[in-house]
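Below is one structure, written out as structure tokens; the observations come after it.
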Amino acid sequence: MFPERKVLLVVNPISGDVNKDVIFERVIEKTGQEGYDLRIYTTTGERDLDILMEMITTIRPERILVAGGDGTISLVAQAAFGLDTIMGIIPAGSANGLSVDFGLSGSIDQAIEVAFGDNVMHMDAVSINGDISLHLSDLGLNALLVKNYENSETRGKLGYAREMLKTLSEHENFLAKITAGGEVIETDALIVIIANAQKYGTGVTINPAGDMADGLFELVIAKKLDFIETAKILAGNTDFNPEIMTVISVKDAVIECIDKEAHFQIDGEYKGMVKKVEAHILEKYIKVAIV
């Protein structure tokens, strides 16, 4: 138990197009009603992880509310690792993939109520080259889309749609060597997804087998765009054509790019070009308030 009821609100001021002032107002109102001592941290992009780790260790909040996208959520989870605190998510990013997976509607009021609720999941994470992924990370097509979107001036779903057309015209497949589950797979790849969750922020289910608390993550390997296989994903059907798409559940994996470097992103944040990615599951990494 905590000696005082403390809440830390972490806000990314430049994520998405949500009015952060409304979030501040609603959280201040809620914490006042519930008798919490509220502290606020606004990310700057400079030493956020170090500062948050120090704040959380000193304050020891009962709950941490995160208003930002998936990258900000992963940052806070990493800062809070090992401490007995509950993380609540307030969707305020561009895609809000984790919020979609958790069934949050995008309503600030609903998200705040859930964040202070009693329904909690002990959520897994995936360690990837030393970084933490709670949601979906990938090499290839979508990572290039993330890069193009970050460099564009248009936000929201319209921005994603515009950048998708550009990305499809630019992207080239890469040759991947994947070592996982005692097997080695060499394949031409459009995209290799390291999936802890099920859905991208658009609502598209890319990993129907995903369970964020089962001690496993999935590798989703797609060799090309295909209407039938995409339709199967949307329908939750995992009977994929192995010549086009493969999904395997694993605890660890090594992905090597044989012929060229590949674009790489973690939870919606572009990480650059890579030749090799190592991933392993981190079971029950953080407690998250869910619907």
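Within the chain, antiparallel bridges make up roughly 75 percent of the DSSP beta bridges whose residues both belong there. Atom-type composition of the exposed protein surface of the chain places 50 percent of the accessible area on carbon and sulfur (1.4 angstrom probe).
Normalised size of segment 39-100, defined as Cα radius of gyration per 2.2 N^0.38 Å with N residues, equals 1.05.
Taken along the Cα-to-beta-carbon direction at a fixed 7 Å, the label points for Leu49 and Phe81 span 0.8 nm. Computed extension gain for Met121 through Glu256, at 0.36 nm per residue and net of the alpha carbon distance, reaches 45.3 nm. Full extension of the chain between Glu4 and Val204 yields a length gain of 67.9 nm, computed as 0.36 nm times the residue separation minus the alpha carbon distance.
In the full protein context, the chain carries 45 Å² of accessible surface per residue, based on a 1.4 Å probe and ignoring ligands, DNA and RNA.
Compute the long axis of helix 48-59 from its Cα atoms, compare it with the longest principal axis of the Cα atoms of the chain, and write down the angle in degrees, 0 to 90, nearest 10. Helix 48-59 sits at roughly 40 degrees to that axis. Does anyone have the angle between helix 141-151 and the longest principal axis of the chain? Alpha-carbon axes, 0 to 90°, nearest 10? Roughly 50 degrees between the two axes. From the alpha carbon centroid of segment 5-76 to that of segment 205-220 is 28 Å. Ordering of 53-62, 262-271 by packing is 262-271, 53-62, highest average first (other Cβ atoms within 10 Å, averaged per residue). Between their Cα atoms, which of Lys199/Lys284; Lys30/Lys284; Lys224/Lys275 are more than 24 Å away from each other? Cα-Cα > 24 Å for Lys30/Lys284; rest within. Volume per residue of the convex hull around the Cα atoms, evaluated for the chain, comes out as 123 Å³.
Our helix-only sum for the chain, with -39,500 (n - 2.57) per DSSP H run of n ≥ 4 divided by its residues, gives a mean residue ellipticity at 222 nm of -9000 deg cm²/dmol. Over segment 242-291, all Cα pairs binned in 5 Å intervals from 0 give whole-percent P(r) values of 5, 13, 15, 21, 24, 11, 7, 3, 1, listed from short to long. Straight-line cross-link partners of Lys177 among the aspartates and glutamates, defined as a Cα under 19 Å from its Cα and at least 8 positions apart when in the same chain: Asp138, Glu186, Asp188, Glu218, Glu243, Asp252, Glu256, Asp259, Glu261, Glu278. Taking the average, over residues, of other Cβ atoms within 10 Å as the packing measure, peptides 213-219, 89-95, 168-174 rank 89-95, 213-219, 168-174 from highest down. Of the peptides 64-77, 137-150, the order by per-residue mean of other Cβ atoms within 10 Å, starting with the highest, comes out as 64-77, 137-150. Angle of helix 156-170 to the longest C-alpha principal axis of the chain, folded into 0 to 90 degrees and rounded to 10: 20°. Considering only Pro208, Ile90, Ile132, the residue lying farthest towards the positive end of the dipole of the chain is Ile90, judged by Cα position with unit charges set on Cβ. Need one word for segment 106-151: rounded, prolate or oblate. Basis is the Cα gyration tensor (sqrt eigenvalues a ≥ b ≥ c); a/c below 1.5 gives rounded, then a/b vs b/c decides. Cα axes put segment 106-151 in the oblate bin.
The values are calculated or read from the model by the stated rules, or taken from the named source; none is laboratory data. Computed from a predicted model, the values in this text were never measured in an experiment. In this analysis, Cβ positions are derived from the backbone assuming ideal geometry, glycine residues included, and neighbour counts consider all displayed protein chains. Side chains are part of the model used for accessible areas, which takes the heavy atoms of the whole protein and leaves out ligands, DNA and RNA. Shrake-Rupley method; radii C 1.70, N 1.55, O 1.52, S 1.80 Å.
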